[in-house]
1. Relative contact order of the chain, please, whole-number percent, based on alpha carbon pairs below 8 angstrom and at least 6 residues apart.
2. Roughly how many debye, to the nearest 20, is the charge dipole of segment 2-382 about its Cα centre, given +1 on each Lys and Arg Cβ, -1 on each Asp and Glu Cβ, and no other charges?
3. Please list, in order along segment 122-129, the HN-Hα scalar couplings obtained from phi with the Karplus expression 6.51 cos²θ - 1.76 cosθ + 1.60 (θ = phi - 60°), rounded to whole Hz, x for Gly and Pro.
4. Can you find, among Pro96, Val245, Val152, the residue sitting farthest towards the positive end of the charge dipole of segment 2-382, where Lys and Arg contribute +1 and Asp and Glu -1 at Cβ?
5. Could you tell me which of rounded, prolate or oblate describes segment 279-411, using a ≥ b ≥ c as the square roots of the eigenvalues of the alpha-carbon gyration tensor, with rounded for a/c under 1.5 and, failing that, prolate when a/b is larger than b/c and oblate otherwise?
6. Can you show me the helix-derived [θ] at 222 nm for the chain, built from DSSP H runs with n ≥ 4 at -39,500 (n - 2.57) apiece and divided by the number of residues, rounded to the nearest 500.
7. So how do Lys433, Lys304 line up by other beta-carbon neighbours within 10 Å, fewest first?
8. If one takes the longest principal axis of the Cα atoms in the chain, at what angle in degrees, from 0 to 90 and to the nearest 10, does the Cα axis of helix 240-250 lie?
Amino acid sequence: MSKIKKMANKKVFIIMGLILVIGLIMRIYNFEKSFGFGHDQDLYSWIAKDIVVNKHLRSVGQITSVDGVFIGPLYYYLMALSYWLSGMNPMSAIVPTTIIGLLTIVSFYLFGKKYFSERVGLIMAFVYAVSFGAAFYDKWSVPTEPAVIWSVWFLYVIFGMFRKNLKLMPLYAVLVGLTYHIHIALLPILPIPILTYFMSKGTLKEKFKAIKLKNVLVSFLIFMLVSSPFWFFEIKHNFSQVKSVIIASKKDLGNPTGFVKFKKVINASAWEMQRRLISEWPIRPFELMWPFFMLVTYVAYKFKKVSGKDLSLMLIWIFLIGLAQFTSKRVVSEYYFTNYVPIYILMVALFFDLFLDKKYLSKIVFILGGIYLFFNFSWTINANDLNDSYFYKRQIVEYIRADQIKNNYPCVGINYVAKFGTGVGFRYLLWWKGVDIIKPSASVPTYNIVIPWEVSASEVDQRFGILGVILPTQKRPSSEAWCKDPQNIIDPLLGYTE
């Protein structure tokens, strides 16, 4: 029996190894050309520079969509470390993003194995590893990237607390403390582990008696340590973030309400699941993802792959997140529902695990898995080249730098001929490549970056992807004094604070 178990463990080890290799390839293939270096990436690069170069220890990252509320600094410190080790090279973002992605794959396996079966864990790991949409999310490289791995482990805690595993309280404390560093949209589900513990079997007296004061105190200290940047910032700034949240909750932005808002919540959540799991399959309308989810969930429940009580825990999660977005006065965004992805993957895994119980049906699962792998690899090869990626932005900045050196310009101006929100992702690259920029004016050679270059096709001197650059018409080099004039210093990057 022991020999059989060892052979089984070896088989699982090999399968997980192959899954991780696939996940790694999906996340690093053609990274430079698929790395969307936009405003968020520019901003965390600038903050990483502030930490490494300016030696400024920060308790907050960038400002969120709620005025006066910031995201925690953890992701920025991870990036700062990677930048420091690579000589401030933005491509080093591949290291933390890939590590987080691979750890998420392993987390899916551990969760599925713990509460369902080895097979379910492997299926969950396979789906997340292979999915082009999931891989693209990981390499998107934004501070909310850890939301998926956080959600997996939060599910782990919820299921464990429902089974009265109070040893998970320190992990629960870590996850609650990390919420500040990851995403404010996760706040509504934080009480679920406590709720599920008291939903478990036994009397209320027995449950309170099982809680040890030492465990509670240790968990509280862990929570305070992990969330300490938040408390330092709030105490220093008179609890400005808490006040900002309260103000934002009362401020009517004129967004839709009622059925229109409900429809938007359903659409946004469905779209997030669609683009993470079957990214390039044009399913319309997106809302069809919900009937499919309900179908696989019903089948999994009907054939006892998931208990009614475990299912209720996940439905509470779905309901609380959806309710929070429905009642919020903020604009509903798709990435607020990324935390649904682990639940969706779990139900899909349980559905297909049912087929593996029948030998004559198991081939269907392997065939569908092969098809899923084939299509996602195809998307990785054919749909993984952004025409405004880091690859092209780096080239355009290097072109500007070479021309600046050639003409001996002490400093230059940069102007964007682009729609609002598209002329982003250049500021850090310009600093990194040594381009000293000031406010564009008639007294400084100014480069025009055109997006897309077709807008001024006859004037563009060089093209890189969708980007074009027009060389300065003002050839008179600006003086050193003009370059250092405080009035000519460009404004800070939007969302950047010190």
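Read the figures in this text as sums done on the coordinates, not as results from a lab. Just so you know, these numbers come straight off a predicted model, no measurement behind them. Methodologically, a virtual Cβ is constructed for each residue, glycine included, from the backbone with ideal geometry; neighbour enumeration extends over all protein chains shown.
1. Numbers: 672 pairs, mean separation 89.7, N = 498.
For the chain, the relative contact order is 18 percent.
2. Dipole of segment 2-382, to the nearest 20 debye: 1620 debye.
3. Per residue, the Karplus-derived 3J(HN,Hα) values read 5, 5, 4, 4, 4, 4, 5, 5 Hz.
4. Value computed over the given set: Val152.
5. Values: a/c = 3.92, a/b = 1.84, b/c = 2.13.
Taking the square roots of the gyration eigenvalues as a ≥ b ≥ c, segment 279-411 is oblate.
6. Calculated mean residue ellipticity at 222 nm is -19500 deg cm²/dmol.
7. Ranked by crowding around the Cβ, least crowded first: Lys304, Lys433.
8. Helix 240-250 and the main axis of the chain meet at about 80 degrees.
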